[in-house]
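One structure below.
The values are calculated or read from the model by the stated rules, or taken from the named source; none is laboratory data. Just so it is clear, the structure is predicted and the values come from calculations on it, not from any experiment. When we count neighbours, we look across all protein chains shown, and the Cβ atoms used for this are built from the backbone with ideal geometry, even at glycine. We work out accessible area using only protein heavy atoms, side chains counted, and drop any ligands, DNA or RNA first. Shrake-Rupley method; radii C 1.70, N 1.55, O 1.52, S 1.80 Å.
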Amino acid sequence: MKRSIHVAALAVLLASWGSAAGVPDQYHAMLSTYCFTCHSTRAKVGGLALDSLDLQAAPDDARIWEKALHKLRGHLMPPPGNPQPPQKDVDSFVAWMENTLDSHRTGPKAGYVPIERLNRTEYAASVKALVGVEVNPKDVLPQDIQVDGFDNIADALSVSPAFLDQYIGAARHIAKAAIGDPAGRVANVKYTIAAIQNSDEPLPLGLRGGVRFKHNFPADGEYRISILDVGVGLYTSPMENASTLVMMIDGRIVFRKSVGGPADQALADRAGAEARATIMERFSKIPVQVQAGVRDIVVAFIDRADVESDENIAGGFGGIGVLGFGSGNGRMARLGDGIEIAGPFNFTGVSKTASRALIFVCDPQNKTKPIGEPACARQITENLAQRAFRRPVTTEDVGRLMPFYEAGRQGGGSFDQGIEQVVAAVLASPEFLYRAIRGPQGTAPGAEFSLTDLELASRLSFFLWNTGPDEELLAVAAAGGLTKPEMMEKQVRRMLADPKASSLVTSFAMKWLNLTTLDSVQPDPTLFPGFNEQLRHDFSKEAEAFVSSILLEDHGVVDLLTSNRTFLNERLARHYGVDGVLGLQFREVTLTEKERAGLLGKAAMLLRTSYGDRTSPVLRGAWVLDKLLNTPPTPPPPNTATDLSQKAGEAPKTVRARLEQHRDKASCNQCHGVIDPTGLALENFDAIGEWRTTDRQAKAPIDAKTVLPNGAAIDGPVELTAQLVDRPGTFAEAFTEKLMMYALNRELEYFDMPQVRAVVRGSAKDNYKFSSMVLGIVNTDAFRKQGPAAAPKEGLVKTAAVQ
């Protein structure tokens, strides 16, 4: 009996061994048939000889095989036009190779991240968290170099003398704004309507034709606000109907005055320029008492139901203002030039603003708990430095900062002026501006090591919030608790629920999808008369709200491709042909048209992958391959002809016809045979994302039928989406690669891929929920460790795109 059991067990063992030994032969035959013609020791196309590699020892050549897997998944190899292996054979080989590489990992467990400065988005977010001052990153620092769309990659975040000058200048400006002006000096600030009219904050209900913006009032006192133009121009038709202008500060109406109507129009007609000046005096130097701090300001007109609104949602003629004659639009007043704020007059001091509450953790004037000015200054400095440096501070740290306080007090400077100098010094400190991974004390040079709790806290916080750790996270890290799995999960879930996690949408997702640069496409107004800048802004806002609803509400990331939820206002709903949406405010809408589901139906993506005068199946196909599958096609060779413009005198052709004529050459088809079929499935969407069934220029029906590189015949975006989600793990892996690159602040290496696939397998059990992916990433060796320093990547800055 025992012998028969042993024999049976031995037979199973030998059978399994024989099967395992036979698998590589099967795949060797496939490679020999379809790959060795080009990638042999003799031909060595692209410098690659696959026939010299031993499949039994595949992990020894993991760097090569990981690249090959990307090419196979993207159908980039074998090139279109060459004999293709059956898809089931490709799938089988990819699964076997991934399992082999994952089971026998080689190479480091983690890559190396050098010291890196804060990029301008991180700088702005860190400043807001530290001292409560909102700064526009574009106003204080130049554009950062982008790598694969991301501007937080350490290798590319170099520093020049010009950068340092701007950091120091920004530190002084921010410190002054944070402390306020204890001297109450009068200043004058002008906001142009063009600069603030596209605010993401909607106007309060019942208002129209206005602006909403924030202004930092440096001290308590009287401010005089002037509205420089309400449409009282050379032509008086905007005065025909009476309008009521209101100004609100922090939701409270502080000014209300009418303009227009029969009396004003008659006055303007009769007395000309003098009358116009008299009317505008109503809106000049309006006195308002305001306390110091950042205030929300609204200047707008009360909407009138009995007069057609000037919100020209459907396009068309916008009144004489569009012709350059005054700023009127139709027959109602509207804001024109800008808004000017002067003050403070009758200065009464500086209130405890949100910024001062963050900075002044003690008060030397407090009689209940008396404390001297030097002791209070030291306490403020220590608290500020600890939050800015993202670690407990030492006596030496505080000692290096206190001379700045003393310098601010020289010559009769006040306590506030001394603290202002400390704030500026902290903001300009390398400990604030740079992030470095040093590891535990005694770490040998060139060794792989685990991040300290404080370094882990900093990496986690910049990943999820784009800024440094808050007090709770810093306290957990200082106590050595963050390396405990249960505490890490608790902190991750808390941080994902915080509003600061919205940076995962704005700084990660929108940049991954290349949707932050919609203004790089300028639609031809002759071909697309209904397009305007407000619509472009709506495209961006919809995309951002849609992505946020998937990621931050913790849905499965595959819902990015399939969800029929979106967010529309009336203008965008009309653009999509959706009924029942009224008003400028965005609201959640369930789409009934399947073509609009997911990212492929979003106007932002469709505009960004078009040219100003036509669609581009090439750009759209490349976008799907790169962003959704992470198999970017090879860039075209230099001097490749890419112009598909109609030739003079030639009968108009559809873009599809022009593209097929363009790619007749076999050398072009090697790439376009992969790219174009995917893009052609989206041809029912025009260059600004409107649905169409006819090409208006060619006067021909749209043909969205195509055959994908995997052999699947599809027709239109719905069937393209079905193909993408048929393999949810493929999209989930592409998403995870991008998210891990963003989290690690470096490009991924071949040795990272087994960890990427482990994250994907783990999240698959949870329907690929976003939180599962985040938790998977923060528990990888790649996230928790620092690898040995590698040789610098040549040409990284040269190849990185500045967008």
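Within the chain, what whole-number % of the accessible surface is contributed by carbon and sulfur, with the 1.4 Å probe and all protein chains included in the calculation? The partial results should precede the final answer.
Details: 19770 of 37070 Å².
That share works out to 53 percent.
Where does helix 453-464 land angle-wise versus the long Cα axis of the chain, in degrees 0 to 90, nearest 10?
With rounding to tens, the tilt is 80 degrees.
Accessible surface of K484 in the full protein assembly, 1.4 angstrom probe, to the nearest 10 Å²?
Surface open to solvent at K484 totals about 110 Å².
With charges only on Cβ, +1 for K and R and -1 for D and E, what is the dipole size of region 544-640 about its Cα centre, in debye, rounded to 20?
On the way: 11 positive and 11 negative charges, 60 e Å.
Taking the Cα centre of region 544-640 as origin, the dipole is about 280 debye.
Principal axes first, then extents: for the Cα atoms of region 122-238, list largest minus smallest coordinate on each axis, whole Å, largest first.
59, 42, 30
Place +1 on the Cβ of every Lys and Arg and -1 on the Cβ of every Asp and Glu in region 166-280, take the dipole about the Cα centre, and give the residue among L228, A195, N216 whose Cα lies farthest towards its positive end.
About the Cα centre, the residue reaching furthest to the positive side is N216.
On a 0 to 90° scale, report how tilted helix 485-496 is relative to the longest principal axis of the chain, with both axes built from alpha carbons and the result rounded to the nearest 10.
50 degrees
Under the Kirkwood approximation for Rh and a Cα-based Rg, what ratio Rg/Rh is obtained for region 452-601?
Details: Rg = 19.3 Å, Rh = 17.6 Å.
In region 452-601, Rg relative to Rh is 1.10.
Which GluC sites (Glu not before Pro) in region 393-499 sit in a loop by DSSP (not H, G, I, E or B) and have at most 14 other Cβ atoms within 10 Å of their own Cβ?
Listed in order of number, the matching sites amount to none.
What is the P(r) of the chain, as percent of Cα-Cα pairs per 10 Å bin from 0?
Distribution as computed: 2, 11, 18, 21, 20, 14, 8, 4, 1, 0, 0, 0 percent.
Report the label-to-label distance for V294 and S520 in nanometres (one decimal), using points 7 Å from each Cα along the Cα→Cβ vector.
Output for this residue pair reads 2.9 nm.
What does the charge count around G601 come to, taking other residues whose C-beta lies under 9 Å from its C-beta (Lys +1, Arg +1, Asp -1, Glu -1)?
+1
For region 380-446, what does the equivalent ellipsoid look like in terms of its semi-axes, each the square root of 5 times an eigenvalue of the Cα gyration tensor, given largest first in whole Å?
The equivalent ellipsoid of region 380-446 has semi-axes of 29, 10, 9 Å.
Using unit Cβ charges (K, R positive; D, E negative) and no other charged atoms, how large, in debye to the nearest 20, is the dipole of the chain about its Cα centre?
It works out to roughly 620 debye.
Can you find, among L118, V94, V131, the residue sitting farthest towards the positive end of the charge dipole of region 71-176, where Lys and Arg contribute +1 and Asp and Glu -1 at Cβ?
V131
Once R0 is set to 41 Å, what does the formula 1/(1 + (r/R0)^6) return for the Cβ-Cβ distance between W691 and F213, expressed as a FRET efficiency to the nearest 0.05?
0.70
To the nearest 500 deg cm²/dmol, what mean residue ellipticity at 222 nm is calculated for the chain from DSSP H runs of n ≥ 4 alone, each contributing -39,500 (n - 2.57), summed and divided by the residues?
On the way: 30 runs with 327 residues, N = 803.
It lands at -12500 deg cm²/dmol.
Using alpha carbons only, how many degrees (0 to 90, rounded to 10) separate the axis of helix 533-551 from the longest principal axis of the chain?
Tilt of helix 533-551: around 60 degrees.
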